[in-house]
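The values are calculated or read from the model by the stated rules, or taken from the named source; none is laboratory data. Everything numeric here is computed off the predicted structure, so don't read it as measured data. Glycine also receives a Cβ, built like all others from the backbone with ideal geometry; neighbour counts cover every protein chain displayed. Surface areas here come from the heavy atoms of the whole protein model, side chains and all, with no ligands, DNA or RNA. Shrake-Rupley method; radii C 1.70, N 1.55, O 1.52, S 1.80 Å.
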Amino acid sequence: MEISKRSLGLDTATQEKPRKTSGHRSDMIVWIDRLAVLPFLAIELKTPTTPINDPVFFGDALAKGRYWKSKYFALWNMKDFELYETPPASRTPTPADVVKKSSRPLALTRVDDWLKTSFKKDLHEQAVEIMDAAVNHNISGLSNHRAIDPDIFVTRLTEDIGQLRTIFYRDLKKASATDRKLRKKLREIATEQGFEGFVDDIDYAIAGQIGYRYIGQILFYFALRRKIPALRELKIGTQDVLPAALKPFFDDVRRYDYEALFKPEAIEALVPIAHQGQAIIRRLIAQLAVYDWASLTDDVLGSIFEHLIPRGQQILLGQFYTPRPVADLLVASTIDGARPFVLDPGCGSGTFLMSAYSYLAYAANLSHKELLSIIWGFDVSPFAAELAVINLYRQDMAEYENFPRINVSNFFSRNQNDTIDFPAPQQASSMKKVPVPIPVFDCIVGNPPYLRSQNQDDLDPSYRRRLFQSAVAAGFDAGAKTDLFAFFIYHSTKLMKQGSRLGFVTPASWLTSDYAIPLQRALLDTIRIQSVIASNAEAFFPQVDINAVLLIAEKGPSNAPDQPIKFVTLKKPISVLTEGKGEYWERVSSLAEEIDSDKSEENDRYRIKLVDPAIERAALNADRTKPRNWSKFLRAPLSYYSIFDDVA
Ligand SMILES: C[S@@+](CC[C@H](N)C(=O)[O-])C[C@H]1O[C@@H](n2cnc3c(N)ncnc32)[C@H](O)[C@@H]1O
């Protein structure tokens with residue numbers, strides 16, 4: 001009753017069933033939120049005959065605080081109390097760490113004394129004193145800033161994210177069980193983002209994306225306040241309703257930038273934040289406010305962001321990523337020039353963007369700001385875009401004007417010379433944004449989504465239409481069962497300079513499938529295939545059960561002289577082939593150059609088979625109903641060709 005009367009931001013106090021280890025007495029718990037299992041204070045209650053300084057009493061109380069994971073624990077023998085903060089398991093507190101002791105001992109001597117009216121009143125007052133002491137300490141802790149221990153910090157965040165996801169998952173599942181439209185929408189999202197058919201549970205992936213998005217936004221807000229003091233302190237009252245109460249704060253940031261992170265997205269509206277979810281987010285904000293953000297070094301913050309979502313989790317969230325050595329080889333094989341514009345049209349969490357960043361910082365010696373202005377990424381998934389922004393941002397957080405060119409958008413709606421508002425490079429503090437035209441790119445890299453043919457029908461029909469229209473607009477006649485990644489190639493050609501290169505991880509199906517006849521033709525005429533790289537030693541895209549190859553192609557004029565196509569089969573993992581002394585990027589570049597060979601050759605590291613595109617073109621033209629079988633060039637040992645001359 002006191003709790004609700006005094007509006008302490010607390011929920012209720014309950015007697016919980018005794019734990020097996022705690023004897024008969026039940027546990028008295030004061031809750032931030034009982035339903036969400038968010039305890040605030042655990043009280044170890046003993047009889048007046050137990051001295052307050054009894055070490056067993058202290059040990060029992062500490063064990064209770066740890067068991068319930070309450071922020072505070074207290075010893076109370078109906079005469080005196082002592083209040084403590086529950087420390088992490090790595091630290092053992094002593095009575096000297098006491099936060100508050102009772103101001104005046106009560107005169108009870110036996111348990112039954114509490115039945116006497118005067119003692120009843122005294123006990124009531126003392127209970128209030130314990131609670132007030134904890135609440136006051138919690139509030140004054142806000143100004144008494146604590147340093148961040150990254151491990152504890154990430155663990156706490158991970159717990160919060162886990163709890164939030166569970167709540168969103170439960171609600172999404174419940175709602176979608178009876179709401180056909182919602183079910184359809186969820187499937188469409190999964191198909192559009194390319195994880196339909198690749199994750200076990202779509203609801204779980206989407207619930208996780210929503211949970212991570214909120215937590216990432218809140219964390220990023222605190223991080224940005226270190227650099228942008230004009231941002232207000234993020235405060236959410238107990239009566240405020242989320243997510244509406246967050247909006248004014250996030251809108252404020254968007255005046256600077258970080259649109260990709262803070263713009264409200266349809267995915268968040270799929271499920272309201274239940275009561276428990278509200279409590280978790282509120283508690284998280286209160287906890288984050290306790291930390292001393294100003295003294296947090298950039299590298300610590302960077303490492304927090306890096307570890308926030310373990311790679312393994314990303315898969316469950318429908319985010320598939322390319323292993324870094326694979327992205328690095330593609331980047332080193334395709335990026336050229338002193339200040340090239342680079343795009344990943346479905347950038348996910350930014351693997352290729354970070355690879356391009358690192359490569360260009362090394363090879364072209366560009367500054368963080370220069371790099372951020374030439375490395376572009378699009379993604380339909382707001383969650384993915386959020387990760388990409390954070391990942392690029394954290395490459396150099398000391399740099400204030402730090403605005404990654406990441407945009408939440410459907411690649412097929414993006415055309416050259418469309419403009420996107422980004423902050424003016426010199427005027428970040430004036431909050432002025434300027435429309436930046438999408439450039440023509442010198443290089444397009446990535447691992448675009450693939451679509452299994454059984455999932456093709458789940459694509460929203462208008463999206464399907466748009467895909468085919470975009471292919472036509474780029475001058476290609478896409479076949480009926482065209483895989484999604486091929487549309488990415490077609491549309492990319494519209495955003496590429498003459499002489500620019502494309503480097504994609506793709507399924508190997510286009511090397512042999514009927515749907516790929518127009519693609520094979522395009523790769524011989526318009527965007528000319530340079531190399532196809534396969535591996536006998538590793539899967540290029542291990543998270544999905546699909547045979548993947550690397551495609552490197554160049555957009556040349558139609559009258560450009562033919563160059564032989566290189567079919568490369570690696571016999572060792574890329575990480576092994578790039579081992580050695582010296583700079584990492586030197587080693588990756590030298591592998592890229594080595595396999596860009598002008599003769600067929602085979603050794604214990606790789607096999608390269610050169611093929612004449614003129615022969616392939618003529619054969620495709622001779623029979624327009626059959627694809628060429630290009631996978632055989634990746635399989636047969638070179639000795640095979642010397643015996644049979646050619647295997648056409
Ligand atoms: C296989 S993931 C690749 C992620 C990243 N490139 C990597 O390799 O680590 C494909 C990404 O493409 C995005 N995507 C799918 N369709 C898209 C579209 N039409 N426009 C932009 N992004 C899209 C998905 O959301 C997903 O993040």
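Here the calculated FRET efficiency for V99 and A539, from their Cβ-Cβ distance with R0 = 56 Å, stands at 0.55, rounded to the nearest 0.05. Our coupling estimate for segment 364-378, obtained by passing each phi through the Karplus curve with A = 6.51, B = -1.76, C = 1.60 and θ = phi - 60°, is 10, 6, 9, 7, 4, 5, 4, 5, 5, 7, 10, 9, 10, x, 10 Hz, Gly and Pro reported as x.
Solvent-accessible area per residue in segment 70-122 equals 56 Å², computed with a 1.4 angstrom probe and all protein chains kept. With the charge dipole of the chain set up from +1 on Lys and Arg Cβ and -1 on Asp and Glu Cβ about the Cα centre, the Cα lying farthest toward the positive end among the listed residues V56, A618, Y258 is that of V56.
What FRET efficiency would be calculated for the residue pair T92, R605, taking the C-beta separation as r and a Förster radius of 45 Å, to the nearest 0.05? So, using R0 = 45 Å, E works out to roughly 0.20.
Between 0 and 90 degrees, rounded to the nearest ten: what's the tilt of helix 351-363 against the longest Cα principal axis of the chain? So the inclination is approximately 70 degrees.
Comparing F73, G162, P340 along the charge dipole axis of the chain, the residue lying farthest to the positive side is F73, per the Cβ-charge model. Between amide H atoms placed 1.01 Å from N, distances below 5 Å from L38 occur with I32, D33, all of them 5 or more places distant or on a separate chain. To the nearest 10, the accessible area of E265 is 30 Å² with a 1.4 Å probe. Taking the Cα centre of the chain as reference, the dipole from Cβ charges on Lys and Arg (+1) and Asp and Glu (-1) amounts to some 1540 debye.
Multiplying the sequence separation of E370 and A177 by 0.36 nm and subtracting their Cα-Cα distance, what value in nm do you get?
Details: separation 193, 0.36 × 193 = 69.48 nm, distance 4.89 nm.
This chain segment gains 64.6 nm when fully extended.
Counting only other residues whose beta carbon sits under 12 Å from that of H491, what net charge do I get with K and R as +1, D and E as -1? Taking every Cβ under 12 Å from that of H491, the sum is +3.
For segment 590-600, putting each phi into the Karplus relation 6.51 cos²θ - 1.76 cosθ + 1.60 with θ = phi - 60° gives couplings of 6, 5, 4, 5, 4, 7, 8, 6, 9, 9, 5 Hz, in residue order, rounded to whole numbers and with x for Gly and Pro.
Could you state the per residue volume, in Å³, of the convex hull enclosing the Cα atoms of segment 146-319?
Working: hull volume 20.5 nm³, N = 174.
Hull volume over Cα atoms, normalised by residue count, gives 118 Å³.
With contributions of -39500 (n - 2.57) from each DSSP H run of at least four residues, the per-residue ellipticity at 222 nm computed over the chain stands at -12500 deg cm²/dmol. When the Cα positions of I546, L511, L524 are compared along the charge dipole of the chain, I546 comes out farthest toward the positive end, with charges on each C-beta of Lys, Arg, Asp and Glu.
Using the heavy atoms of the protein chains alone and a 1.4 angstrom probe, what is the accessible area of segment 509-648 per residue in square angstrom?
Working: 6620 Å² over 140 residues.
Computed with neighbouring chains in place, this is 47 Å² per residue.
Backbone amide hydrogens, once placed in the peptide plane, bring Q530 within less than 5 Å of I552, A553, E554, excluding anything fewer than 5 places away on its chain.
Quick check: with the 1.4 Å probe, what order do Y204, Y463 take by accessible area, largest first? Mind dumping the intermediate values first?
Numbers: Y204 65, Y463 20 Å².
Sorted by accessible area, descending: Y204, Y463.
Please give the FRET efficiency for K481 paired with T12, using the beta carbon to beta carbon distance and R0 = 45 Å, rounded to the nearest 0.05. It comes out at approximately 0.15.
Pop out the carbon and sulfur fraction of the accessible area of segment 181-320 as a percent, whole number, probe 1.4 Å. All intermediate terms of the calculation are to be shown ahead of the outcome.
Working: 2870 of 5330 Å².
About 54 percent, which is the carbon plus sulfur part of the accessible surface.
Largest accessible area first, the residues E583, E82 order themselves as E583, E82 under a 1.4 Å probe with ligands, DNA and RNA left out. The angle separating the long axis of helix 461-473 from the principal Cα axis of greatest extent in the chain is about 40 degrees. Summing +1 for each Lys or Arg and -1 for each Asp or Glu among the other residues whose beta-carbon sits under 14 angstrom from that of W114 gives +2.
How about segment 559-597: which trypsin sites (Lys or Arg not before Pro) there are in a DSSP loop, with at most 16 other Cβ atoms within 10 Å of their Cβ? Walk me through the intermediate numbers first.
Working: sites: K566, K571, K581, R587; in loops: K571, K581.
Within segment 559-597, the qualifying trypsin sites (Lys or Arg not before Pro) (loop, at most 16 other Cβ atoms within 10 Å) are K571, K581.
The angle between the Cα long axis of helix 150-178 and the longest principal axis of the Cα atoms of the chain comes to about 80 degrees, rounded to the nearest 10.
In this structure the amide hydrogen of S535, modeled in the peptide plane, comes within under 5 Å of the amide hydrogens of L570, none closer than 5 places in sequence on its chain.
Compute the projected area of the convex hull of the Cα atoms of the chain, averaged over all viewing directions, and report it in nm² to one decimal place. If you can, show how the numbers build up before the last one.
Details: hull surface 136.0 nm².
Directional mean of the projected Cα hull area for the chain stands at 34.0 nm².
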